[in-house]
Amino acid sequence: MTISAAPEAIPVILDVDTGVDDALAILFALAHPGINVIGISCVAGNASLERVVENTLRILDVADAPYIPVAAGARRPLLEPARSAAHVHGESGLGTLRLPPTDRQAETISSIELMHKLILASPHPVTLVGLAPQTNLALLLRQYPDVVNNIERIVFMGGSTTVGNATAVAEFNVWHDPEAAAIVLDSGVPTFMYGLDVFNQVSIPERVAAALVQSDSNVSQVVGRLLGNRIALGSGRNAEYMGLIGDAGALCALVDPGALTIEMLPLRVQLAGYGRGQTLVDKRIHPGEDIVHGLATEWEAAEVALDVDVDRYVRLFLNTLGLGSALQQ
Ligand code: BDR
Ligand code: CA
């Protein structure tokens, strides 16, 4: 895989819980010339913090990436214990994929310190891309509020304007640490939500994933196996997970927002009751009684991705990784 960020590439810090689809996202980000990954921050989510760090370092080997600093952050959410998603990502976090050990090492500083350092040192405002529970991002914003002056925006995979996955109404990343997501939305930094509305749509056909596994290239085989994990889950109640590129879609949104239907909408996180972790999105086009009668409280506004041109993102994902020919198989 060739790594060549263009000089005008967007400086990006990824915050990940690698994670089958975080792995796909990292591979995509490293391969796209419009994205310059300046650091990777790890957090407990899909798997334990230790597994997330190890998976991330091993995926950098798959990409044959140059040195990119990787650091460990929070091992649990702000208030609650960590609750992994092993039923989706397997105990290792990478499903059935087994990668060789790596010589790469995580930084000795925490990912909060690493992000602070990278953001202050960057000559251009940095885009934070959150693909995981937002514990690290919240801790960064609380501990080092000065970073907001050099953050372009926060693009996050999380939330939904319709269905949930962790609960009937809450998406996993926001559900895992709702207070952290609320802090991020409330930080004053522009935010962009790539939620389940679009995440659940961008899927690679099974025959294409199978063709990738058959290829001679290591990257192709790894991508095919990662997608295959999703496909293997795609029976019965898990059918929505078939072949999804998942978190990688949030990186596609960075470089090709034109494939999305995006609206600026009032957004907040529900913190109590059964709806805990749900993202509440106000899509009303007329003022309701709460506004008319002066009962409404202020909501933050965020850009929200509501729909996606699926074929365009499938092609963008595969072509960026040099795997577009698999679509012809
Ligand atoms: C999100 O949670 C994890 O399963 C995925 O990695 C993604 O970030 C989807 O709810
Ligand atoms: Ca993730």
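The values are calculated or read from the model by the stated rules, or taken from the named source; none is laboratory data. All figures in this text were calculated on a predicted structure; none of them were measured in a lab. Methodologically, a virtual Cβ is constructed for each residue, glycine included, from the backbone with ideal geometry; neighbour enumeration extends over all protein chains shown. Accessible surface is based on the protein model in full, side chains and every heavy atom, while ligands, DNA and RNA are left aside. Shrake-Rupley method; radii C 1.70, N 1.55, O 1.52, S 1.80 Å.
Tabulated data for the structure shown
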quantity	calculated
For the chain: relative contact order, % (alpha-carbon pairs under 8 angstrom, 6 or more apart)	18
Note, ³J(HN,Hα) from phi for segment 133-147, Karplus 6.51, -1.76, 1.60, rounded to Hz, x at Gly and Pro	x, 8, 4, 4, 5, 5, 5, 4, 5, 6, 7, 10, x, 5, 5
Neighbour cut-off at most 10 other Cβ (10 Å), DSSP loop, trypsin sites (Lys or Arg not before Pro), segment 1-100	Arg98
Within segment 296-329: backbone nitrogen closer than 11 Å to the Glu263 label point (7 Å, Cα to C-beta)	304-307
Rounded accessible area per residue of the chain, 1.4 Å, Å²	41
Phi to ³J(HN,Hα) by Karplus 6.51 cos²θ - 1.76 cosθ + 1.60 over segment 176-185, Hz, x for Gly, Pro	5, 8, x, 5, 4, 4, 5, 5, 4, 5
Fluctuation leader among Ser84, Ser217, Ser187 - the chain, Gaussian network, Cα springs under 10 angstrom	Ser217
Sites Ala121 and Arg312 - FRET efficiency at Förster radius 22 Å, r taken between beta-carbons, to 0.05	0.05
Accessible area of segment 10-328 belonging to carbon and sulfur atoms, whole % at 1.4 Å probe	52
Rounded accessible area of Ile291 (nearest 10 Å², 1.4 Å probe)	90
Inter-label distance for Leu327 and Arg207, nm, one decimal - labels placed 7 Å from Cα along Cα-to-Cβ	1.5
Long-range amide H partners of Leu306 with built H, under 5 Å	Thr261, Ile262, Glu263
Leu306, Leu295, reordered so the largest accessible area comes first (probe 1.4 Å)	Leu295, Leu306
Virtual spin-label span in nm between Asn319 and Asn218, 7 Å along Cα→Cβ	2.7
Distance from segment 64-133 to segment 204-231 (C-alpha centre basis), Å	24
Vicinal HN-Hα couplings computed from phi for segment 168-174 (Karplus, 6.51 cos²θ - 1.76 cosθ + 1.60; Hz; Gly/Pro x)	4, 10, 10, 7, 4, 4, 6
Placed amide H near Asn36: partners under 5 Å, 5+ positions off or other chain	Ile10, Val12
Sequence-distant residues sharing a close amide H with Asp177 (under 5 Å, placed H)	Gln134
Along principal axes, Cα extents of the chain, largest first, whole Å	65, 44, 38
Full-extension gain in nm, Asp290 to Ile109, via 0.36 nm per residue minus C-alpha separation	60.4 nm
